[in-house]
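The values are calculated or read from the model by the stated rules, or taken from the named source; none is laboratory data. Not measured: the values here are computed from a predicted model. Note that each Cβ is placed from the backbone with ideal geometry, even for glycine, and that neighbours are counted across all protein chains shown. Surface accessibility is based on the protein's heavy atoms, side chains included, excluding ligands, DNA and RNA. Shrake-Rupley method; radii C 1.70, N 1.55, O 1.52, S 1.80 Å.
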Amino acid sequence: MLRFTVRRIASLIVVLFALLVLVFLISRYGGDPVRGYLGANASADAVAAMRTRLGLDQPIWVQFADYLSRLARLDLGTSLATRRPVAAELAQRIPATAELALWTVFFSVLIGILLARVYTLKSRFSGVLRLILFSAASAPAFLIATGGVLIFFVQLHWLPVSGRTGYGPSTGLSGMYVLDGLLTGNLPYAMDALRHLILPALAASLGPGVALARVLADGLSTSLRSAYARTARSLGETESAVLRRHGLRNAASPALSLLGVQVGMMLSSLVVVEQIFSWNGLGQFLVRAIGGADTATVATISLLLGAFYVVVNALVDIALAVVDPRVRLS
Amino acid sequence: MSKPHAGVLEVAGLSIRYTSRTPAVLAVDDVSLTVAPGQCVGLVGESGSGKSTIGAAVQGLLTRETHVEADGTVRVDGVDLDVTAEAGWDGVRGHRVTTVFQDPMSSLDPTMTVGRMLTRVTGSKQESLRWLEAVEIRDPGTVLRAYPHQLSGGMRQRVMIALALARGPALLVADEPTTALDVSVQAQILRLLTRERERLGCGVLFITHDLGVARAMCDEVAVMRHGRLVERGPAATVFGAPAEPYTQRLVASRLTLSTDRQRPIGLPDPTVLTAMRETGAAPDDLEHRWERGDLHWSSFTRERTEVRGGHTLELAGVTKSFRTGGLFGAAHKTVLTGVDLRVARHQSVALVGESGSGKSTILRIVAGLETADAGDVYVDRTQGAGVQVVFQDAGASLTPWRTVGQLLAERLEDLPKKERDQRVRLALERVALDPALAGSRPGQLSGGQRQRVAIARAIVVPPALLLCDEPTSALDVSVACSVLNLLNLLRHELGLSILFVTHDLAAARIIADRVDVISDGTIVEQVPAASMSTDMTSEYGRRLLDAVLA
Amino acid sequence: MPSWLRRGETLAVVMLSVVLVAALIGPLLSPYSSIIPSGAPHLPPLSAGHLFGTDELGLDIATRILEGTRTSLLTALVVTVIAAVAGMLIGTLAGFVGGVLDTVLMRVTDLFLALPATIVAMAVAAGLGTGLTSSMIAITVVWWPLYARLVRGEVRRTARALHVEAARMSGTRGTRLVLRHVLPSVLPTVAVTASLDIGGVIVTVAALSFVGLGAPAPAPELGLMASAGLQYVVNSWWIPVLPGLAVGLLSLLFNYAGDGLRAVLRGKGA
């Protein structure tokens, strides 16, 4: 187990480094950072001076080392879009995205389990159900989000569709409003934050949830048809005990590893969803940076989101090894 | 429910139909049988005979299937049951009737420890330990904490037996319980099953395709074919003096250490007869001579003009190890240590060993599919077109999307098309296949036909050395019998040098001039096949001999 | 499986063909331009002369959706085909040659697969500058490793299969062995994956365009139309919703057809 963990962490470090290199290359060679700062009309002298100041005339590895040291000092430059230090923007926005992401994962798992249950029930509606699930899995997140806005805000007036709260930024520690509300005992505040969360989190979780349901349902039906399930029946286990004791255990690991991969899809959905729901998170910041042609900031945000994904997947793999002895020993 | 009853299992007029296909498949047709307490009844048949369907039915594993219909009655330990309905099975399945399945690897949940599974049945850890001791598992404490994949096949099957017996069932269904195991392990498991049956007094329904196992284990046997009971009676009678032609053929196909090596084995077989006539060397009254025991392989041996002597294959000091483990834990597992092996021209040598002995690695090295780490491998290619292999799983060795003709022609790429077709036809006739089958794909053929295609492919250009990798162990006995006869015919007619890899001493004896026993990557002894049972002296060799069921 | 379900897949294929034809020749048939206003702004769907209504500038939405669909389809096809072919070449090479080449190629592939595809595509597209071409390049860059991994696995599995060893023993080697005995078992898998993937690529292209990585307004791109129209959702819902629905429908049709293809191939035992 220890060996597996060490190996997994070693490969995590390699991937993180590769991500760093990729992001560095994009921020250096993508777009033109000098013109970005100075505008298109700057004089040749000004451009040259700026190049020297930014260290762009240095050899590539010197630039990379410089990049790393600035990353370590959290000196991430100034956002062209907001004219504020990127590090400050990130510090403010990370909790917002983290909160939304956590709820998205929670909703995905919930949707996955519920749909898997419906999926395994054989009925004459299974074909219709399949069509509905297919549609949900095919729809782009922005369509689901827009549909949600139309139904639950424009038509029904049930849920708010803009921002994270109707009250104002939380004064709590975590920056996650629902949690802060609960921690400070301010229940109405937590409820309001939750109401603001529901639509964006659901919009981002529908696709991954459906994918999860399919894998879970497939895994369940495979393991219920397996030889060990037959053994359990021959030993007098009831059908529901076979499902509980053997079916779920064996179906859990493919579902868990899919969930890890689906986090990538969730992240890209979050970028779109934050934009639609004016959610002051990383995604919204990313879209603004793209709009302002601020390649360096785009690269930094991608680095952050990418690193999050890579770390989550390493954790999922280690969790899998704990749950399933075959993973650990293979 | 305490009415008096004669048997722990009473089946009367049982018919089972699978209705998912049209027309419905009649898997079991009007079968009646009884198992008395403490009695072992063998249910014997080839694949598709319906024996496993009966096994599943009497333990209530068909109740949830949607496309099954049944007639007749099944009574387990005095309880009348419907094999297609769940009602009444509660408290019977898993309590009064339990099962030991064939493949202990896939039959145990890979995510659960042995202890967790066993304690569910025994109720307490102490009881689980006691049961592991009862099935002769050394170090039961460790095994209790182990996952199935950490155990050997034999250990897993012992665990399976403990699971099945722990609740003291009245009836134990043993569904091919030793088929996936090595011969020496098989003998131990069979002894264990017999001992526990006597100790617990439960009845056993023993399902097997292996006549030797049935004969060794059962008081009574019932022979099945195409879903019907062909013959039943005391084991000694059925095997000693079979009454029905089907049983006679089955019993005659069985190989023992006293089967005559000089003559074709089994009863006259149309396939082999056709192939014999193709040689042109066959006597006129072929079938009668075979029946009278008057047909010798020597009559097919062609006069050979070339000089005798010399070796087709020489292995000297061959070693091989494989890398296991990954980045941090790289380790080497030695499979072969200094193997010396020679096959003389026109000689047939059998390499006999159990799984993991290294016999398959030798075959793969000779075939050129692996390379040896050290040592010399020499094949005399002047005597034919290199080395050819007939694999155990013929179905998998034939590319599914290519036709039989295309597959055979691949070895003839240099010839003009007309001659190629001619050679393909000839090779198919040699193994008694209709040349019209050249246009078929492997999926359209039966198991026996596929194995014959594989042989035809190997001999379409006669090779210097023919390697056979357990070519009969996946086949039903009667089919295996005709494949062995065909190989023997080709051996004598074409003068092939053969290296025959197998775990089956009886088959080895039939096909080979010399038997080499391999254990742990070393050849432990080499004896003439004719006097094998007396000449074999090594401890391992004796153990293999003892494991062969008389 | 009930027969009407099979009909569902057939229906998907028929509808897909209709959509393909409509997307190819539709823009030619439309009386309107996709970038010149042709009516009053904010006309609702089913208005006279404007089946899907008009947007805030008075552009005909039906014409713009047809043109956007064409762009979307072409982009997705090009990306998928290039990714699949490149992945197949690299995967076959790695799987069949093995050794150092395999290790190097698969390490690179694994690196790509360990990163979140869409996020990396966004970063790469931003680095290349906005526009459809840079989106396509970016998506292809993150998409080929999927195929390389898949094909390499299949090739390795097939190359170890007994029938390939038997063919090798028959003297068939090299390219001929790969073409005759290995690739025929890999192709159906790639075809099914590719057809299921087109839907995903369509959605990804739209998402990139939605966040501003496609062509600038008022180009008729579906993702861009959906994001630019978002501000009018309260009073003119059709402006953002209809282009989004077009993306969803396209992706759904490809997913359905791909699933049908998979069922057919699996039924054949391929």
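General observations
- Residue satisfying condition, being more than 12 Å from chain A (Cβ to nearest Cβ) and within 19 Å of C:LEU16 (Cα to Cα), within set C:LEU245, C:LEU261, C:LEU250: C:LEU261
- If the condition is being within 12 Å of chain C (Cβ to nearest Cβ), outside any strand (DSSP E or B) and crowded, with 19+ Cβ neighbours inside 10 Å, then region B:368-394 contributes B:PHE391, B:GLN392, B:ALA394.
- Note on region A:168-207: residues that are of a type in the set (Val, Ile, Thr) and assigned to a helix (DSSP H, G or I) amount to 2.
- Against the numbered list (1) under 27 Å from the mean Cα position of the chain (by Cα); (2) part of a strand (DSSP E or B), B:GLY338 comes up short only at (1).
- Checking B:ALA6 against (1) aliphatic (A, V, I, L, M); (2) in a loop (DSSP other than H, G, I, E, B); (3) touching a residue at least 60 places away in the same chain (Cβ under 8 Å), the condition it does not meet: (3)
- As a summary of the residue check, A:VAL273 satisfies the conditions (1) more than 10 Å from every other protein chain (Cβ to nearest Cβ); (2) among the aliphatic types (A, V, I, L, M); (3) open to solvent by 20 Å² or more (accessible area, probe 1.4 Å); (4) closer than 23 Å to C:ALA126 by Cα except for the one numbered (3).
- Candidate set: region C:81-109, residues that are in contact (Cβ under 8 Å) with a residue 24 or more places away in the chain and within 14 Å of chain A (Cβ to nearest Cβ); chosen: the one most open to solvent (accessible area, probe 1.4 Å): C:VAL108
Yes/no matrix, rows are residues, columns are (1) surrounded by fewer than 21 Cβ atoms within 10 Å (Cβ to Cβ); (2) assigned to a helix (DSSP H, G or I):
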| site | (1), (2) |
| --- | --- |
| B:GLN126 | yes, yes |
| B:LEU132 | no, yes |
| B:ARG138 | yes, no |
| B:LEU163 | no, yes |
| B:ARG167 | yes, no |
| B:VAL173 | no, no |
| B:PRO177 | no, no |
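- You will find that of C:ALA226, C:ALA207, C:ALA217, the residue that is more than 30 Å from C:ALA86 (Cα to Cα) and either open to solvent by less than 20 Å² (accessible area, probe 1.4 Å) or within 7 Å of another protein chain (Cβ to nearest Cβ) (or both) is C:ALA226 and no other.
- Against the list (1) modelled with pLDDT under 90; (2) within 18 Å of A:LEU259 (Cα to Cα); (3) buried (at least 19 other Cβ atoms within 10 Å of the Cβ), the condition A:VAL86 fails is (2).
- Cβ separations smaller than 9 Å between residues 6+ apart or across chains give no pair from region A:215-233 residues that are away from chain B (no Cβ under 11 Å) and in contact (Cβ under 8 Å) with a residue 60 or more places away in the chain to residues that are of a type in the set (Ser, Thr, Tyr) and open to solvent by less than 20 Å² (accessible area, probe 1.4 Å).
- Scan of region C:178-193 for residues that are within 20 Å of the chain's Cα centre (by Cα) and open to solvent by 20 Å² or more (accessible area, probe 1.4 Å), ordered by number: C:LEU187, C:PRO188, C:THR189, C:ALA191, C:THR193
- Just one of the listed residues (B:THR208, B:THR194) is out of contact with any Phe, Trp or Tyr (no Cβ under 6 Å at 6 or more places or on another chain), open to solvent by less than 10 Å² (accessible area, probe 1.4 Å), farther than 16 Å from B:HIS95 by Cα and not assigned by TED's automatic domain parsing to the domain that holds B:ILE518, namely B:THR208.
- The set of residues in region C:229-241 being more than 8 Å from chain A (Cβ to nearest Cβ) and surrounded by 24 or more Cβ atoms within 10 Å (Cβ to Cβ) consists of C:ILE239 alone.
- All positions within region B:395-425 that are open to solvent by 10 Å² or more (accessible area, probe 1.4 Å) and within 28 Å of B:ALA350 (Cα to Cα): B:GLY395, B:ALA396, B:ARG411
- For B:HIS226, the conditions (1) farther than 30 Å from B:HIS288 by Cβ; (2) over 18 Å from the mean Cα position of the chain (by Cα); (3) surrounded by fewer than 19 Cβ atoms within 10 Å (Cβ to Cβ) are fulfilled apart from (1).
- Of the strands (runs of 3 or more DSSP E) contained entirely in region B:33-118, those carrying at least 1 residues that are farther than 22 Å from B:ILE189 by Cα fall at B:68-76, B:79-81.
- Where B:VAL68 falls short, out of the listed (1) modelled with pLDDT of 90 or more; (2) open to solvent by 10 Å² or more (accessible area, probe 1.4 Å): (1)
- Lone unmet requirement of (1) open to solvent by 20 Å² or more (accessible area, probe 1.4 Å); (2) in contact with a strand residue (DSSP E or B) (Cβ under 8 Å, 6 or more places away or on another chain); (3) not acidic (Asp, Glu) for C:ALA166: (1)
- Taken over region B:147-167, the criterion of being more than 20 Å from B:THR194 (Cβ to Cβ) and either under 26 Å from the mean Cα position of the chain (by Cα) or modelled with pLDDT of 90 or more (or both) is satisfied by B:PRO148, B:HIS149, B:GLN150, B:LEU151, B:SER152.
- Extreme residue, nearest to A:PHE285 (Cα to Cα), among residues of region A:89-138 that are within 13 Å of the chain's Cα centre (by Cα) and among the polar types (S, T, N, Q): A:THR97
- Test: residue in region A:61-78 that is at pLDDT below 75 and away from chain C (no Cβ under 14 Å): no
- Looking across region C:214-270 at every residue that is among the β-branched types (Val, Ile, Thr) and closer than 27 Å to C:THR133 by Cβ, the one that is modelled with the lowest pLDDT is identified as C:ILE239.
- Boolean, B:GLY72 is over 30 Å from the mean Cα position of the chain (by Cα) and either over 30 Å from A:ASN250 (Cα atoms) or free of Cβ contacts under 8 Å to residues at least 60 places away in the same chain (or both): yes
- Count of region B:90-117 residues, restricted to those that are crowded, with 23+ Cβ neighbours inside 10 Å and either among the aromatic types (Phe, Trp, Tyr) or more than 10 Å from chain A (Cβ to nearest Cβ) (or both), is 2.
- Failed condition for A:ASP294, given (1) within 28 Å of B:ALA166 (Cα to Cα); (2) buried (at least 24 other Cβ atoms within 10 Å of the Cβ); (3) of a type in the set (D, E, K, R): (1)
- Of all residues in region A:130-160, those satisfying the criterion of being open to solvent by less than 20 Å² (accessible area, probe 1.4 Å) and over 18 Å from C:SER251 (Cβ atoms) are A:GLY148, A:VAL149.
- Taken as a whole, the condition of being under 24 Å from C:LEU249 (Cα atoms), of a type in the set (A, V, I, L, M) and away from chain A (no Cβ under 14 Å) applies to C:LEU132.
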